[in-house]
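Engineer: Right, I'll just put the structure down here and ask away after.
The values are calculated or read from the model by the stated rules, or taken from the named source; none is laboratory data. As the structure is a prediction and not an experimental result, all values here were calculated from the model. Here the Cβ positions follow ideal geometry from the backbone for every residue, glycine too, while neighbour counts run over all protein chains shown.
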Amino acid sequence: MKLSKRNERASQIIEAAFRLIKDKGYNNLTMQGLSTYANMSKGGINHYFKNKEEILIAVLEELDRKLFKTIDDKIENPEDPEDMLRKRCSGGFEMAKADPTLLYVLIDFTALSKNNSQYSEIIKHFFEKYRYLASVGVKGGITSGVYKNIIPEEFGVVMIAVWFGIWFQWALEQKAFNYDRVTKIVEDMMFNYLEGKKEKFFQNFDVDTN
């Protein structure tokens with residue numbers, strides 16, 4: 001019971017830190033501000049986390065856990081490489097749209113990682129994992145003969161660049177483009193390319209007048 005209560009309190013602090021970073025940015029995250037967001041005294045917060053850096057590392061780890069769980073929960077048939085890849089792709093885009101707070105936090109921490117070795121290692125692990133996840137479905141498709149002339153690891157790099165590029169643009173300026181249409185274009189392009197339908201690859205840019 002005590003462990004469960006402790007975990008609940010720690011989670012409360014981490015969630016409060018997420019909201020604070022979204023609203024005010026990392027540079028304005030203070031223990032006093034966090035105390036207000038968490039509805040807890042500063043002493044109470046210090047009982048679970050020794051300092052601000054410990055809180056921020058916990059936030060990064062929770063961000064990683066949330067993204068992974070949200071995306072992988074979409075997969076219905078892990079034995080089907082195309083289903084796995086499609087669900088990870090659509091799941092990632094749906095997750096970002098449903099909870100852009102995750103993106104605001106990731107943007108801040110990515111910028112901070114250059115000068116903080118702990119943040120840098122977590123961010124590097126984060127991108128390594130998602131490059132790998134993007135490549136897994138491709139490997140299965142190659143084995144089954146559906147995808148050809150593809151290097152899975154390189155495809156993973158490209159997909160992560162596309163995903164995060166769209167996520168970050170949308171998080172910073174949500175009215176700049178039609179999010180659902182753009183993400184559908186990405187998904188169509190991805191599978192046209194993987195299936196060797198190069199002639200259809202660029203058709204995704206045709207104007208949809210409907």
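Engineer: Output the residues belonging to region 67-86 that are part of a helix (DSSP H, G or I), modelled with pLDDT under 75, charged (D, E, K, R) and surrounded by 16 or more Cβ atoms within 10 Å (Cβ to Cβ).
Structural biologist: Passing the criteria: Glu82, Asp83.
Engineer: Considering only helices (runs of 4 or more DSSP H) fully contained in region 101-186, which possess at least 3 residues that are over 12 Å from the mean Cα position of the chain (by Cα) and charged (D, E, K, R)?
Structural biologist: 117-143
Engineer: Return the total of residues in region 187-208 being in a helix (DSSP H, G or I) and at pLDDT 70 or above.
Structural biologist: Number of matching residues: 8.
Results for (1) closer than 24 Å to His125 by Cβ; (2) without any contact (Cβ under 8 Å) to a residue 40 or more places away in the chain; (3) in a helix (DSSP H, G or I), shown as yes or no for each residue.
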{"site": "Asn7", "(1), (2), (3)": "yes, yes, yes"}
{"site": "Ala17", "(1), (2), (3)": "yes, no, yes"}
{"site": "Ser35", "(1), (2), (3)": "no, yes, yes"}
{"site": "Asn46", "(1), (2), (3)": "no, yes, yes"}
